[in-house]
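The values are calculated or read from the model by the stated rules, or taken from the named source; none is laboratory data. Treat the numbers as computed from the prediction; the structure is a model and nothing was measured. Please note: Cβ atoms are built from the backbone with ideal geometry, for glycine as well, and neighbour counts cover all protein chains shown. Quick note on the areas: whole protein, heavy atoms, side chains included, nothing else; ligands and nucleic acids left out. Shrake-Rupley method; radii C 1.70, N 1.55, O 1.52, S 1.80 Å.
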Amino acid sequence: MVAAQNNVNRVITFYSYKGGVGRSMAMANIGVLLAKWGYKTLLIDWDLEAPGIENYFKEHLNVADVQQKNGLIDLLTLKQKAAEIIVADLDWKNFITTIRPDKNTSFDLITAGKRDESYFNNVRQFDYNIFYAESDGGQYIEDLREYWLSKYDFILIDGRTGLTDSSGICSIHMPDILVLLFTPNDQSFNGIKEVAQKAINGQKQIVYDRFRLRVLPVPCRIENAETLLLDEWMKKIYTEC
């Protein structure tokens, strides 16, 4: 078993300015690779408005059963109902699904939440401003982060597309590394540059200790034969990011 030696660069958020770039699939594949390499790995579906990371592993689990387990939105709303929560004392087996793609590989998954008739209503009604201001949400998120870091070598987060309160937590509060996936056009590239700058500036304002946020832009949907296009965008990333 390979073990990460410190807390640096272990929380990685995958973000895309627009959909359709393969963000969730990229995170799922990297999660499997890390697990195969012997790292204890946790995947978190933080795309609450379009959940479904569990579907990438349907050959290795019962999707319907997993979708009836509690997940991220249930963790967040739990804090709104309780004045104080000791994260380590939560019944984590109700939130975590272990996936075994082969007999020598396993990793854990926290889905977006229990997919019952109240799921989307819970997501729509969840107010991040109230969560932070009235429920000490910032400290709760930090407690979750620290607990996960105590249990895993890597935490991979599938963040929400676009500029939302949810994606702000994923891009500012949570990560050590922000992976920005984009299609090779100026609109998407300028979009991820804006997100990167907001995340870097935002992380400087939070009260919790962090090393400097690392940002990794990744151009997507470029065919293997389009080497000149890839070279052009890699040069653009190098000079502008």
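Points worth noting:
- Test: ASP158 is within 11 Å of the chain's Cα centre (by Cα), closer than 24 Å to TYR132 by Cβ and either charged (D, E, K, R) or at pLDDT 90 or above (or both): yes
- Here is the figure for the range 136-151: residues that are open to solvent by less than 60 Å² (accessible area, probe 1.4 Å) and farther than 18 Å from ILE172 by Cβ total 1.
- Which listed residue, of GLY38, GLY22, is on the phi > 0 side of the Ramachandran plot and either touching a Leu at 6+ places or on another chain (Cβ under 8 Å) or buried (at least 19 other Cβ atoms within 10 Å of the Cβ) (or both): GLY22
- Restricting the range 180-222 to residues that are part of a helix (DSSP H, G or I) and among the charged types (D, E, K, R), the residue that is modelled with the lowest pLDDT is LYS204.
- Residues of the range 83-99 satisfying the condition of being in a helix (DSSP H, G or I), in contact (Cβ under 8 Å) with a residue 12 or more places away in the chain and not polar (S, T, N, Q): VAL87, ALA88
- Look at the range 136-151: where a residue is under 20 Å from ALA35 (Cβ atoms) and a partner is of a type in the set (Lys, Arg) and open to solvent by less than 70 Å² (accessible area, probe 1.4 Å), sitting 6+ places away or on another chain with Cβ atoms under 9 Å, you get LEU149/ARG10.
- Long-range neighbours under 7 Å by Cβ, at least six apart or interchain, first residue more than 17 Å from VAL63 (Cα to Cα) within the range 37-53, second part of a loop (DSSP other than H, G, I, E, B) and hydroxyl-bearing (Ser, Thr, Tyr): LYS40/TYR152; THR41/TYR152; LEU42/TYR152
- Residue in the range 100-112 that is of a type outside the set (S, T, N, Q), in contact with a helix residue (DSSP H, G or I) (Cβ under 6 Å, 6 or more places away or on another chain), crowded, with 17+ Cβ neighbours inside 10 Å and in a loop (DSSP other than H, G, I, E, B) present: yes
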